[in-house]
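Shown next, in structure tokens, is the structure this report addresses.
The values are calculated or read from the model by the stated rules, or taken from the named source; none is laboratory data. Because the structure is predicted, anything quoted here is derived from the model rather than measured. For neighbour counting, all protein chains shown are included, and Cβ atoms are generated from backbone atoms with ideal geometry for every residue, glycine included. Accessible surface is based on the protein model in full, side chains and every heavy atom, while ligands, DNA and RNA are left aside. Shrake-Rupley method; radii C 1.70, N 1.55, O 1.52, S 1.80 Å.
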Amino acid sequence: PPTALALLCGSAAALAVWRWLDERQIQQKMEEARRSRDEGVKKMEKAVQEFREQVSHVQSADILSLPLVELTRRLQEGSLCPETVLYTYIEKALEVTQQTNCLRHFIPECVEQLQEIRRRKEKGLLYGIPISIKDHIGHKGHLSTCGLVQFLNAPVQEDSVLVKVLKRQGAIPFALTNVPQSLFSYDCSNAIFGQTLNPLNHQKSPGGSSGGEGALIAGGGSILGIGSDIGGSIRLPSSFCGLCGLKPTSDRLSVWYTCLLKVDVGSCPLPVPCALGPMARDVDSLALCMKALLCEEMFRLDPTVPPIPFDEEAYLSSAPLRIGYYDTDGYFPLPPCMRRAVCETRDALRAAGHELVPFAPPRIHYVMTELFLKTFFADGGHAFLDLFTGNIVDPGLKPQMNCYKIPTLGKKLLALILKPLVSSLPLILRLKKLLWFSTCRSVSKMWKHQHQIMAYRTEFITTWRDLRLDVVLCPVLGPAFTTGYPGKLLTAISSTMLYNVLNFPAGVVPVSRVTEADEEELKLYQGYCDDPWDRTLKQAVTGAVGLPVAVQCVALPWQEELCLRFMKEVETLRREK
């Protein structure tokens, strides 16, 4: 026994030392990544200072105030110099990231791209435009970290197709923006680079997972950014930060050489694909970006992208639209200000001569529980948990992680124990979603799951066509949550998630701001059940007076131009008001 006890104690001590060494190695990798980022910031500060010494008469405020279309025109005609515009935006980005921690790394090769576009005879549609890109969109020589330690030692070997096309069109990628750990969150925090803050209110989250993009653009440090969306990751930051953002049909833009970690975490990822799309301050900027990207170069580099050029005529059309609308999906009731935004926009559209038709999206509880989650957690969440092996879990993800770690048997037992105590059907369905992720434990179940998604898409499109709709107006989650709350309310993304499952193009447009009256009405908010989820949502959005309120605009697949045209109509009516 003494020998056995000594061996046991020795083994325990050895295990403790091994764990300590492993954690220390992780910490060293994280510190090195932060040090590299800080050195990059110092180099850019020095470069800006040197430029200012050479050119002292730059009207930075005037340049930063120009809309993208006007800035592009001045660069094309030569009244503005690309170098001046680039360093103006780098200087502003330095200021914004100091306040919000939105940048993951500057791209020093932007200076080489600046020289490259000057040598060309032809100027692309985005000639001289500084552009920011989300962390996981590949840029040669830089990391695509996804906020995870295991990706800190693997620089990307080749530009993603999207970056290649942007460069071909004369754009200058100059910054990579921060993301939440694993990307599967609509906050923006990871254990390596920290929490990104909303530039409009530093107590609030910028949204996610394209939250670094949202913060940088809303703060004025970028005029155009590229994000990704698989549950709302373009639209939620756009809503939280008061921007316009478009999630296209998934294959409309290339995702080649982009880290699709968010898609890869489940066992059957294909039914709900990832989409890359633009984020900017106005709808015309989104349209110009899509027009620039949908070119022969994109179709040549990625033959899986349908060769459909941008339809300018559809975007510029002024024909009256037949618009379906709803202010709640019947699953997760949004704060009063978000429903107000839909109703006010509906009335403005009707007054402008459009036809408005009530529309009810079918079976959202079924979509959330059986279709969306099963795509990503087909194996019960094991592949997702494996991503965090050798990682320090960010505090914002811990509520989700704790749920995923409950064994399947434990989830079933909890569901059985809690079900008799709950009389509300919505609450039962939410508990089921939280505690018991459906799984695809066989090939036949996986095929059945894919068939269910296709059947639902058919059902939805049939309902849409029976009503003869052109587009749909609906709510989006908002206003901006207090930091730390998104991880507690994964159930709240039903408003955006639906159109990922359907693979419809969907965009967000800010139309109003939170008022004192909205804040007072929020005090009476009880949701459907006045349950912990409803009360948590109430806490998350409290204190948002003055923050943006947005609506969501949706079209059928491959009709991005119609979706943008509808967004432009909403934006115009908002400005007139």
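Surface composition of the chain: carbon and sulfur atoms hold 56% of the protein heavy-atom accessible area at a 1.4 Å probe. Taking one quarter of the surface of the convex hull spanned by the alpha-carbon atoms of the stretch 34-312 gives a direction-averaged projected area of 13.8 nm². Beta bridges assigned by DSSP with both partners in the chain are antiparallel in approximately 70 percent of cases. Over every Cα atom in the chain, the radius of gyration and the widest Cα-Cα span, Dmax, amount to 24.0, 89 Å. If R0 equals 60 Å, the separation of the Cβ atoms of residue 458 and residue 3 corresponds to a calculated FRET efficiency of about 0.30. Checking the cross-link pairs 247/523; 448/568; 445/538; 43/164; 291/398 against a 31 Å limit on the alpha carbon distance flags 247/523; 448/568; 445/538; 291/398 as lying beyond it. Partner lysines whose Cα lies under 17 Å from the Cα of residue 405, excluding those fewer than 8 positions away in the same chain, are identified as 374, 432, 433, 488. Accessible surface area normalised per residue over the chain is 40 Å², counting heavy atoms of protein chains with a 1.4 Å rolling probe. Bridge orientation summary for the stretch 34-312: considering DSSP beta bridges with both residues in this region, about 70 percent are antiparallel. Projecting label points 7 angstrom from Cα along Cα→Cβ for residue 382 and residue 416 puts them 2.2 nm apart.
Taking a straight Cα-Cα cut-off under 18 Å and skipping sequence neighbours fewer than 8 places away in the same chain, the aspartates and glutamates within cross-link reach of residue 123 are 70, 77, 83, 112, 296, 297.
Residue-normalised convex hull volume from the C-alpha trace of the stretch 452-570: 135 Å³ per residue.
The trypsin sites (Lys or Arg not before Pro) of the stretch 523-552 meeting both criteria, a DSSP state outside H, G, I, E and B (loop) and at most 14 other C-beta atoms within 10 angstrom of the site's C-beta, are 523. Only the Cβ atoms of Lys and Arg (+1) and of Asp and Glu (-1) were treated as charged; on that basis the dipole of the stretch 1-79 about its Cα centre amounts to roughly 200 debye.
When the P(r) is computed for the stretch 305-407, the part past 17 Å accounts for 73% of the Cα-Cα pairs. Residue pairs exceeding 29 angstrom between C-alpha atoms, taken from 42/204; 46/121; 204/577: 46/121.
With a simple spin-label model that places each label point 7 Å from the Cα along the Cα-to-Cβ direction, the separation between residue 403 and residue 356 comes to 3.3 nm. Where Rh is the Kirkwood radius over the Cα pairs of the stretch 503-564, the temperature 4 °C and the viscosity 1.567 mPa s, what D in µm²/s does Stokes-Einstein return? Approximately 94 µm²/s, per Stokes-Einstein.
The helix-based estimate of mean residue ellipticity at 222 nm for the chain, built from -39,500 (n - 2.57) per DSSP H run of four or more residues and divided by its residue count, is -14500 deg cm²/dmol to the nearest 500.
Rounded to 0.05, the FRET efficiency of the residue 112 and residue 316 pair, given R0 = 35 Å and the Cβ-Cβ distance, is 0.45.
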